[in-house]
Amino acid sequence: QVQLVESGGGLVQAGGSLRLSCAASGITFSRNVMGWYRQTPGNQRELVAAMTTFGPKHYADSVKGRFTISRDNAKNTVYLQMNSLKPEDTAVYYCNTNPTMNCWGQGTQVSVSP
């Protein structure tokens with residue numbers, strides 16, 4: 001059974017930082033590209049960042065230079081370090097494989113105040 005458990009969200013002021021974590025189980029973690037996605041009300045989830053097991057990374061233009069994705073294959077965990085946060089980063093953040101599975105965690109809410 002696949003499980004994705006996101007954590008680390010919260011409320012921060014603009015310019016602040018947060019580090020999100022996602023623990024995955026039920027998949028062969030090291031064989032999968034892992035990604036972070038975010039969703040705001042009324043909108044589709046969008047890919048924020050993705051990372052292969054060997055290191056190459058992809059970032060959405062809106063977060064380049066501010067967010068960093070990393071992973072620990074020994075812990076089946078993927079991270080998202082978010083710096084210089086902006087109000088427009090406010091969203092529920094999810095992790096999943098890339099391409100995505102039909103299974104999502106509960107997400108973690110990130111709220112950035114002006």
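Computed quantities for the displayed model
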{"read-out": "Solvent-accessible area per residue for the chain (1.4 angstrom probe, square angstrom)", "value": "52"}
{"read-out": "Proximal lysines to LYS75, defined as alpha-carbon separation beneath 22 angstrom and excluding residues fewer than eight positions away on the same chain", "value": "LYS57"}
{"read-out": "Among beta bridges that DSSP assigns inside the chain, antiparallel share in %, nearest 5", "value": "90"}
{"read-out": "Residue-by-residue Karplus 3J(HN,Hα) for the range 93-102, coefficients 6.51, -1.76, 1.60, Hz, glycine and proline x", "value": "9, 10, 10, 6, 6, 9, x, 7, 8, 8"}
{"read-out": "Between the range 4-47 and the range 56-99, the alpha-carbon center distance in angstrom", "value": "6"}
{"read-out": "Solvent-accessible surface (1.4 angstrom probe) belonging to GLU88, in square angstrom, nearest 10", "value": "120"}
{"read-out": "Among THR97, GLY42, LEU11 - extreme Cα towards positive end, dipole of the range 9-114, charges at beta-carbon", "value": "THR97"}
{"read-out": "Approximate spin-label separation MET101-SER25, in nm, with each point projected 7 Å along Cα-to-Cβ", "value": "1.2"}
{"read-out": "Largest-first ellipsoid semi-axes for the range 66-114, taking √(5λ) over the Cα gyration tensor eigenvalues, angstrom", "value": "22, 15, 9"}
{"read-out": "Ratio Rg/Rh, restricted to the chain and using Cα atoms, in which Rh is the Kirkwood radius", "value": "0.94"}
{"read-out": "The chain, accessible surface, carbon-and-sulfur percent (1.4 angstrom probe)", "value": "48"}
{"read-out": "In nm, spacing of pseudo-spin labels at SER70 and LYS57 (7 Å Cα→C-beta vector)", "value": "0.9"}
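The values are calculated or read from the model by the stated rules, or taken from the named source; none is laboratory data. Note that the structure is predicted; figures quoted are calculated from it, not measured. When we count neighbours, we look across all protein chains shown, and the Cβ atoms used for this are built from the backbone with ideal geometry, even at glycine. Ligands, DNA and RNA are excluded from the accessible area calculation, which covers all protein heavy atoms including side chains. Shrake-Rupley method; radii C 1.70, N 1.55, O 1.52, S 1.80 Å.
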